[in-house]
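> The structure's right below; bear with me while I get my questions together.
Just so it is clear, none of the values below were taken in a lab; they were calculated from the coordinates. Only a predicted model underlies this, so the values are computations on that prediction, with no experimental measurement involved. When we count neighbours, we look across all protein chains shown, and the Cβ atoms used for this are built from the backbone with ideal geometry, even at glycine.
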Amino acid sequence: MRAAPDIRGPVVIAGDGPERERCQRLAAELGAAIHFPGELSQSDLVDHLHACAVVAFPSVARSEAFGIAILEAHVCGKPVVATRLGTGVELANLDGETGFNVPPRDAGALAEAINRLLARPEERRRLGDFARERVLKEFRSELVARREFELYTAAHEGALR
């Protein structure tokens, strides 16, 4: 929210929940022109992802263990600016390869990284293209299921020793 006034492009915050009204009040206080479309259907979410230039994933809590939304943006060919939480977020969003990871709660760094991508369409396209390729290659459901099965099998066999 605090980065929005410094972002040189339209800002959309989708979703609904108990923080929405507080976020709308804060946007008004900051003078930030943020569009709040509310909860999106899966189809509308995909449309928004394809229509945007960059996706921001500014989580601040380590409880954000991975960030499936990052992979959703990547499969749509969009780079992500996420926060470094010391969790799987950095695995989902490879800094400098599929987007950028900035310190949590650093509105200036978030806005700067987003603006960099908005100003550099070729870099944005390169990161987004690699992000899409990576998701399609490394995060296919059958591959992830196979890896999980192998991990559980190894753990079970290790427990039997």
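> With charges set only on the Cβ (+1 for Lys and Arg, -1 for Asp and Glu), what does the dipole of the stretch 4-160 come to about its Cα centre, in debye to the nearest 20? Please list the in-between numbers first.
Values: 19 positive and 24 negative charges, 69 e Å.
It comes to approximately 320 debye.
> Report Rg/Rh for the stretch 4-160, rounded to two decimals, where Rg is the Cα radius of gyration and Rh the Kirkwood radius. Please list the in-between numbers first.
Details: Rg = 17.3 Å, Rh = 16.9 Å.
Using only Cα positions, Rg/Rh for the stretch 4-160 is 1.02.
> Also, I was wondering about something else. Between Leu118 and Ser141, with labels modelled 7 Å along Cα→Cβ, what's the label distance in nm to one decimal, could you check?
For the pair Leu118/Ser141, the computed spacing is 3.6 nm.
> While we're looking at this one, here's another question. As a check on your grasp of the helix formula, calculate [θ] at 222 nm for the chain: sum -39500 (n - 2.57) over DSSP H runs of n ≥ 4, divide by the residue count, round to the nearest 500.
Values: 7 runs with 84 residues, N = 161.
Dividing the helical sum by the residues of the chain leaves -16000 deg cm²/dmol.
> Taking 41 Å as R0, compute the FRET efficiency from the Cβ-Cβ separation of Asp16 and Arg161 and round it to 0.05.
Working: r = 50 Å, r/R0 = 1.21.
After rounding, the FRET efficiency stands at 0.25.
> Rounded to whole Hz and in sequence order, give me ³J(HN,Hα) for the stretch 7-17 from the Karplus expression 6.51 cos²θ - 1.76 cosθ + 1.60, θ = phi - 60°, writing x for Gly and Pro.
Using θ = phi - 60°, the values come out as 7, 8, x, x, 10, 10, 10, 8, x, 9, x Hz.
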